[in-house]
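Read the figures in this text as sums done on the coordinates, not as results from a lab. On a predicted model such as this, the values are computed, not experimentally measured, just so you know. FYI the Cβ positions are ideal-geometry reconstructions off the backbone, even for glycines, and counts take in every protein chain you see.
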Amino acid sequence: MMKDHTIRDVAEAAGVSTATVSRVLAAENAGRVSEETRRRVHFAVEALGYRANHAARSLKTRSSRTVGVIAPELANSFFMDLAEGIEGVLDAGGYTLLLASSSNSVEEEKKRISAFTDRMVDGMVIIPAGSSGDHLKALAERLPVVQVDRFVEGADLDTVVSDNEGGCFELTGALLRDGYTRIGFAGGDITLSTARERLSGYGRALAEAGITPEPEWICLGGMGIEDGYRRMETILAGKTPPEALVAVNLLVHLGVQRYLLDHPEGKMIIAGFDESPFTPFLPLCRYTAAQNAVEIGKQAGCRIMEKIRHKEGRTECRIIRLPVTINSH
């Protein structure tokens, strides 16, 4: 059987101390180790086939050099783009991302938090599954936490989000400038801050234009494709359907478009929050509010790394809002 080499074996082969090997492998205090020494250490590691015992190192240092990321669902490309942005920052800092889904359930979110805590993650980035944040507030008292994409109530946490209200204000304004005055709003779980803010931006744009929307123009509920399909069905069944529509997110937008394609008698121009590579193939889409999900993730990654570095002292909680871009199609 092959021998499991230890860090002492690597140090002996490289002709350095075990402390030097640890610094090289952890990429810490790099300025204190010469390039020649680093080359010898890496050569010894490769020659011996050495693999670090991260569990033992975590118990010794109380740091696993990992960050847990919890998303509501893993099939949503927006959340995966967020994770990509976060991972790029973590990797550059010598940390590893651990990813889990809450399945849009607060109870499942709590289970994932517990699992990550058991694995001694150094921090967590969470896209909240619900509107209540008492459990996130309690978590933040034990380790660094950053919430991304959404706010929760009852927790003063670092947050990175898009300018949802301003973006939807501009999205609705684009339709108004095209001459549309009967503009509806489809989808949105208003227990989520993203949906509330986008609805608010829509309402503000109409109010500033002196337009009071008919109640039947606004059909809320859900953030998925099937929700968009059903909301569109309800809106078109009204007495005076709108001429144009704002969809709360990409999935609702897809559901709306699918309904209109299934029922070509329905006439509607769509402005959707979110964009994807498939947006140009949506025939009724006039405008989109594009979020930079990867950049949002990078900002969240930078913030969690900053909090991890200063975990012994309190850092001021910050809210970072990134602008969205209105695109015409």
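To the nearest 20 debye, what is the magnitude of the charge dipole of the chain about its Cα centre, counting +1 on the Cβ of each Lys and Arg and -1 on the Cβ of each Asp and Glu?
Working: 38 positive and 44 negative charges, 238 e Å.
It works out to roughly 1140 debye.
Net charge near ALA129: determine it from the other residues with C-beta under 10 Å of the C-beta of ALA129, scoring Lys and Arg +1 and Asp and Glu -1.
Details: positive: LYS110, ARG112, ARG150; negative: GLU73, GLU107, GLU108, GLU109.
Result for the local shell: -1.
Choose one of LEU260, VAL69, ILE183: the residue whose Cα lies farthest towards the positive end of the charge dipole of the chain (beta-carbon charges +1 Lys, Arg; -1 Asp, Glu; about the Cα centre).
Final value for the positive-end residue is VAL69.
What is the sum of charges, Lys and Arg at +1 and Asp and Glu at -1, for the other residues whose Cβ falls under 12 Å from the Cβ of LEU251?
-3
Would you indicate which of [x] 28, 23, 18; [y] 40, 25, 16; [z] 49, 19, 17 is the value of semi-axes √(5λ) of the Cα gyration tensor in Å derived from the coordinates of this structure?
Comparing each candidate, only [z] matches the computed number.
Just going by the charge dipole of the chain, with Lys and Arg at +1 and Asp and Glu at -1 on Cβ, which of LEU143, VAL248, LEU25 is farthest out on the positive end?
My answer, from the dipole projection, is LEU25.
Just from its helices, what would the mean residue ellipticity at 222 nm be for the chain, if runs of 4 or more DSSP H residues each count -39500 (n - 2.57) and the sum is divided by every residue, rounded to the nearest 500 deg cm²/dmol?
Details: 12 runs with 147 residues, N = 329.
Rounded to the nearest 500, the figure is -14000 deg cm²/dmol.
Which whole-number percentage describes the relative contact order of the stretch 164-290, with Cα contacts under 8 Å and a sequence gap of 6 or more?
Working: 256 pairs, mean separation 34.4, N = 127.
Relative contact order of the stretch 164-290: 27 percent.
Sequence gap at least 6, Cα distance under 8 Å: using those rules, report the relative contact order of the chain to the nearest whole percent. Write down the numbers at each step before the final one.
Details: 629 pairs, mean separation 56.0, N = 329.
RCO, the chain: 17 percent.
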